[in-house]
Amino acid sequence: MMGVLTKPVLPEAIQEVLPASTLEEGALRRRVLEVLLDPVEVERMSYEAFLASFDEDTYAEWVNGEIIMMSPANDRHQDLSGFLESVLRSFVETHDLGIVRSAPFQMRLADTGREPDLLFVAQEHLDRLRKMYLDGPADLAVEIVSPESMGRDRGEKFYEYEAAGVREYWLIDPERERAEFYRLEEGRYRLVEPDTEGRYHSAVLEGFWLQVDWLWEEPLPRVLDVLRELQVI
């Protein structure tokens, strides 16, 4: 139990001999101390209440009962997300590997409800899929890093996804033109580099590879051209 701080009271005898300015200064200092030490009660919400309170178009995450609103994505972010979603969805559907979902779609973990920019769920884990969220880890989560989300994507989410068992985690940073690909091995993420031709070969999406330089092209490659490279069409 947390102790309760009581207000310090100056004895009347001392108050009589101290000048008014000193008493006022002491009162002000006490008030500042009270404000600084007064615990702020954060209203917490259950995950079920969170899902019921926010519609499917709201970009927000649930973290230990608190609601974290997400900043709107910029044009480059949306373009890159749409490109990857189109390529991944076409590849996954063609090979009947599972499903691909894009934000805003919740991934419910132990103490959080996160919204990766993209996620893939393998056929053998489709029982985790609910109407409003994925109940458990995706097999692949993709985050497109922005200045606002950098600390969260590389920090909190990295360790949450690792602990929850997300088998593959892609961090795409368009501003720095850097892509990091992590695979879960013995409970820890290991950074996997692209091959000598600059291609990343996914372990979760069998047969799928990504030419990393595609991500930095402006405009981005035509999706049909990429699908031909992947022999999807």
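The values are calculated or read from the model by the stated rules, or taken from the named source; none is laboratory data. Note that this is a predicted model, so its numbers are computed, not measured. Here the Cβ is made from the backbone with ideal geometry for all residues, glycine too, and neighbour counts use every protein chain on show. The accessibility values were calculated without ligands, DNA or RNA, using every heavy atom of the protein model including side chains. Shrake-Rupley method; radii C 1.70, N 1.55, O 1.52, S 1.80 Å.
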Sorted by packing (mean other beta-carbon atoms within 10 Å per residue), highest first, where do 190-199, 136-145, 46-55, 150-159 land?
-> 136-145, 150-159, 46-55, 190-199
Decide, for the stretch 83-184, between rounded, prolate and oblate: order the square roots of the alpha carbon gyration tensor eigenvalues as a ≥ b ≥ c, take rounded if a/c falls under 1.5, and otherwise choose prolate if a/b is larger than b/c, else oblate.
-> oblate
Give, in nm to one decimal, the length gained when the segment between Glu48 and His95 is fully stretched (0.36 nm per residue of separation minus the Cα-Cα distance).
-> 13.5 nm
If you roll a 1.4 Å probe over the stretch 41-137 with all protein chains in place, what percent of the accessible area is carbon or sulfur?
-> 46
Report, by chain and number, residues whose modeled amide H sits under 5 Å from the one on Gln106, excluding near sequence neighbours (fewer than 5 apart, same chain).
-> Leu134
Could you give the length gained on full extension between Trp216 and Arg176, defined as 0.36 nm per residue of separation minus the Cα-Cα distance, in nm?
-> 13.4 nm
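Whenever you get a sec, compute what percent of the accessible area on the stretch 173-212 sits on carbon and sulfur atoms (1.4 Å probe).
It is 38 percent, rounded to a whole number.
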Surface accessible to a 1.4 Å probe, per residue, for the residues of the stretch 111-169, Å² | 39
Cα-based convex hull, the stretch 85-137, per residue volume (Å³, whole number) | 66
Which order do the peptides 217-224, 114-121 take when ranked by the mean count of other beta-carbon atoms within 10 Å per residue, highest first?
-> 114-121, 217-224
What is the Cα centroid distance between the stretch 76-94 and the stretch 109-173, reported in whole angstrom?
-> 16
Largest to smallest accessible area among Tyr59, Tyr200 [probe 1.4 Å] = Tyr59, Tyr200
Across the stretch 134-150, in residue order, what do the Karplus-derived ³J(HN,Hα) couplings come to in whole Hz, using 6.51 cos²θ - 1.76 cosθ + 1.60 with θ = phi - 60° and x for Gly and Pro?
-> 9, 8, x, x, 6, 7, 9, 10, 10, 10, 9, 6, 10, x, 6, 9, 4
